[in-house]
Amino acid sequence: MILQGELKDKKNSGFTLIELLIVISVTVILAVIVVPIYNNLQVSSQLNENSSQIIQTIRIAKERSLAGLNDQQHGVKLQTDRYILYQGSSYSLRDTDYDREIIFDNILSLSLSLNGTGEIDDINFSIGLGMPNKTGTIDLIHDVKGTRGITINEMGIIKEE
């Protein structure tokens with residue numbers, strides 16, 4: 001036999017509409033706060049990863065020239081949507097068998113402020129010394145938000161600003 005008090009307890013054992021609305025509201029507020037933070041982290045991560053790859057590629061070109069790999073100069077051709085590690089005294093005189101091309105995501109691009117000899121977007125290093133033919137700044141630009149700068153000085157030191 002079921003007592004009157006037991007029926008009452010079974011009726012009140014669920015969530016009320018107010019409690020459900022409060023939980024949904026808190027969830028929406030947290031989502032509104034977290035989504036922009038996640039997007040900023042994603043942009044920052046893309047910029048960090050790609051600028052590190054560019055720096056590493058330029059350093060590889062320098063080290064290959066410094067070591068005199070294949071008795072050739074090495075360099076990096078920088079374009080707005082890609083960059084190419086190559087072997088040769090310039091990009092136009094390179095040996096295409098040694099090309100390594102890296103293409104950016106659609107949301108990234110490069111802007112160059114380089115001074116020196118040769119093509120404006122072609123950094124080449126001397127054999128044995130590793131001295132660059134260009135110095136200045138390379139800016140990696142994210143379409144949504146953010147920029148990373150990479151500098152190359154007269155001694156061939158490459159660093160992120």
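Observations, loosely collected:
- Answer residue from the range 99-120, given it is at pLDDT below 95 and acidic (Asp, Glu) and is nearest to Ser45 (Cα to Cα) among those: Asp105
- The set of residues in the range 133-161 that are in a loop (DSSP other than H, G, I, E, B) and under 28 Å from Leu41 (Cα atoms) comprises Asp143, Val144, Lys145, Gly146, Glu161.
Every residue, every condition in (1) closer than 19 Å to Gly136 by Cβ; (2) not in a helix (DSSP H, G or I); (3) not β-branched (Val, Ile, Thr), yes or no:
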site: Gly14; (1), (2), (3): no, yes, yes
site: Leu20; (1), (2), (3): no, no, yes
site: Val23; (1), (2), (3): no, no, no
site: Tyr38; (1), (2), (3): no, no, yes
site: Gln42; (1), (2), (3): no, no, yes
site: Arg64; (1), (2), (3): no, no, yes
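- Residue match in the range 129-136 (condition: of a type in the set (S, T, N, Q) and surrounded by fewer than 17 Cβ atoms within 10 Å (Cβ to Cβ)): no
- For Leu47: the one exception among (1) in a helix (DSSP H, G or I); (2) farther than 28 Å from Gly156 by Cβ; (3) modelled with pLDDT under 95: (2)
- Per-region count, the range 34-69, residues surrounded by 16 or more Cβ atoms within 10 Å (Cβ to Cβ), hydroxyl-bearing (Ser, Thr, Tyr) and within 15 Å of the chain's Cα centre (by Cα): 2
The values are calculated or read from the model by the stated rules, or taken from the named source; none is laboratory data. Everything numeric here is computed off the predicted structure, so don't read it as measured data. When we count neighbours, we look across all protein chains shown, and the Cβ atoms used for this are built from the backbone with ideal geometry, even at glycine.
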